[in-house]
Amino acid sequence: PIRNHCFHTFAEENDRLAYMNQAKHDFQAFIEHRSNELVKGGILVLSIPSLDDQGIDRMSNYFDQLYICARSFFTEQELTSLTIPLYLRSLSECLDHDLFQRCSLK
């Protein structure tokens, strides 16, 4: 869970780092599993919500407004359980050449 918000971009630094590390682990596992499923010569196309070249996202405001509304209706315990399981990666986080090579992907 992310303390004091529901979306990682508004989290405290320790929570953001933990979320980033979990997202990296999840991405690696996803790529490894998909590489095992691909037939030789197959193509994997990913559409990944991400940050722009300046590190800015266009989705955070939506999730901030969602959290503000949720505070009006949810108890503190319910807010603690409210986390948006989406991590916005930078392009460099999506391009893990060592991972791609290990999984025989180009």
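The values are calculated or read from the model by the stated rules, or taken from the named source; none is laboratory data. Because the structure is a prediction, the values reported are computed rather than measured. For neighbour counting, all protein chains shown are included, and Cβ atoms are generated from backbone atoms with ideal geometry for every residue, glycine included. Remember, those area values only see protein heavy atoms, side chains included, never the ligands or the DNA or RNA. Shrake-Rupley method; radii C 1.70, N 1.55, O 1.52, S 1.80 Å.
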GLN77 - would you say it is open to solvent by 70 Å² or more (accessible area, probe 1.4 Å) and out of contact with any Gly (no Cβ under 8 Å at 6 or more places or on another chain)? yes
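Which residues, taken from segment 56-72, are open to solvent by 50 Å² or more (accessible area, probe 1.4 Å) and part of a loop (DSSP other than H, G, I, E, B)?
To start, the set of residues in segment 56-72 that are open to solvent by 50 Å² or more (accessible area, probe 1.4 Å) comprises 56, 58-59, 61-62, 65-66, 68-69, 71-72.
Result: ILE56, ARG58, MET59.
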Of all residues making up segment 20-55, the number that are open to solvent by less than 80 Å² (accessible area, probe 1.4 Å), under 14 Å from SER90 (Cα atoms) and part of a helix (DSSP H, G or I): 3
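Going through segment 81-95 one residue at a time, which ones are part of a loop (DSSP other than H, G, I, E, B), touching a helix residue (DSSP H, G or I) at 6+ places or on another chain (Cβ under 9 Å) and surrounded by fewer than 16 Cβ atoms within 10 Å (Cβ to Cβ)?
Going residue by residue through segment 81-95, those that are part of a loop (DSSP other than H, G, I, E, B) are 82-88, 90, 95.
Next, only the ones that are touching a helix residue (DSSP H, G or I) at 6+ places or on another chain (Cβ under 9 Å) stay: 82-84, 86-88.
Matches in segment 81-95: LEU86 only.
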Which residue pairs have Cβ atoms closer than 8 Å, lie 6 or more positions apart in sequence or on different chains, and pair a first residue in segment 1-25 that is more than 14 Å from ILE84 (Cα to Cα) with a second residue that is of a type in the set (D, E, K, R) and assigned to a loop (DSSP other than H, G, I, E, B)? GLU12/ARG3
